[in-house]
Amino acid sequence: MKLEVVVVPVTDVDRAKTYYTGLGWRLDADFSTDEGLRVVQVTPPGSPASVIFGHLVTAQAPGTAQGLHLIVSDIEAARDELKRAGADPSDVFHDAGGVFHHGGTDGRVPGPDPKRSSYGSFLSFSDPDGNGWILQEITNRLPGRLDPSVTTYSGGADLAAALRRAAAAHGEHEARTGQEDANWPDWYADYMVKEQSGAELPR
């Protein structure tokens, strides 16, 4: 079972459409029926799941969707991108408990996780209705968290960062073996797939 769609309740469909597409989210659909049903679907860059809002698509009150999570590989760069797009993101924070963030603003400590640990740094922002989004920085997945047969990247910057990590690790590999590895593309591919799935990395 793969999560496909999250429904977000909004007051003004056109305002929400302008807001989310203004963030750079892809517009997938905007359908209406004679009965007044309207469905707008947008997808965050690199996401396999989409967001739907519209008229008569949910009984939820506008603004009541909270804790919607978007995953990024660089929380500071993502914050800059949101600001440029006209959103009003919070400052980056980490949680006092260090496991996951508390609900609301409880337990927020300014700045990214001191160790810059994967899963440890966050920021928040809200759409015009008050639906609340959280960005979480993940650079290395915990073991078993991804299907090892599927490897995806959210965009060119994410892929480039993964290639740089693979290159650095491969340099250490060649230093240990004392010889040049002519099959480095295979080594890179193995490293990147295992890194994303949380499997033991090649040495």
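The values are calculated or read from the model by the stated rules, or taken from the named source; none is laboratory data. Nothing here was measured: the structure is a model prediction, and the numbers come from that model. We place every Cβ from the backbone using ideal geometry, glycine too, and count neighbours over all the protein chains shown. Side chains are part of the model used for accessible areas, which takes the heavy atoms of the whole protein and leaves out ligands, DNA and RNA. Shrake-Rupley method; radii C 1.70, N 1.55, O 1.52, S 1.80 Å.
For this structure, a couple of remarks:
- Note on the range 148-191: residues that are touching a residue at least 12 places away in the same chain (Cβ under 8 Å) and within 18 Å of the chain's Cα centre (by Cα) amount to 9.
- Residue within the range 36-51 that is open to solvent by 60 Å² or more (accessible area, probe 1.4 Å), farther than 19 Å from Asp88 by Cβ and β-branched (Val, Ile, Thr) present: no
- So Pro128, is it at pLDDT below 80 and not aliphatic (A, V, I, L, M): no
- Condition check for Leu123: closer than 30 Å to Leu201 by Cα, at pLDDT 90 or above and out of contact with any Pro (no Cβ under 6 Å at 6 or more places or on another chain): no
- Flag for Ala167 being surrounded by 14 or more Cβ atoms within 10 Å (Cβ to Cβ) and among the small types (Gly, Ala, Ser): no
- Index of the failed condition, Val13 passing every other in (1) surrounded by 16 or more Cβ atoms within 10 Å (Cβ to Cβ); (2) modelled with pLDDT of 95 or more; (3) closer than 20 Å to Leu135 by Cβ: (3)
- Residue match in the range 121-135 (condition: open to solvent by less than 70 Å² (accessible area, probe 1.4 Å), in a loop (DSSP other than H, G, I, E, B) and either among the aromatic types (Phe, Trp, Tyr) or under 29 Å from Ser197 (Cβ atoms) (or both)): no
- The C-beta contact set for the range 97-109 (first residue without any contact (Cβ under 8 Å) to a residue 40 or more places away in the chain and among the hydroxyl-bearing types (Ser, Thr, Tyr), second residue in a loop (DSSP other than H, G, I, E, B) and open to solvent by less than 80 Å² (accessible area, probe 1.4 Å), distance under 9 angstrom, 6+ apart or interchain) comprises Thr105/Ser90.
- Test result for Ala59, surrounded by fewer than 17 Cβ atoms within 10 Å (Cβ to Cβ), modelled with pLDDT of 90 or more and within 21 Å of Thr21 (Cβ to Cβ): no
- Tallying residues that are surrounded by fewer than 17 Cβ atoms within 10 Å (Cβ to Cβ), out of contact with any Phe, Trp or Tyr (no Cβ under 8 Å at 6 or more places or on another chain) and free of Cβ contacts under 8 Å to residues at least 60 places away in the same chain within the range 62-95 yields 5.
- Filter result (aliphatic (A, V, I, L, M), modelled with pLDDT under 95 and under 17 Å from Ile138 (Cα atoms)) within the range 82-105: Val99
- Scanning the range 170-203 for residues that are in a loop (DSSP other than H, G, I, E, B), open to solvent by less than 40 Å² (accessible area, probe 1.4 Å) and closer than 26 Å to Leu70 by Cβ yields one hit, Gly198.
- All positions within the range 90-108 that are touching an Asp or Glu at 6+ places or on another chain (Cβ under 8 Å) and at negative phi: Val92, His94, His101, His102, Arg108
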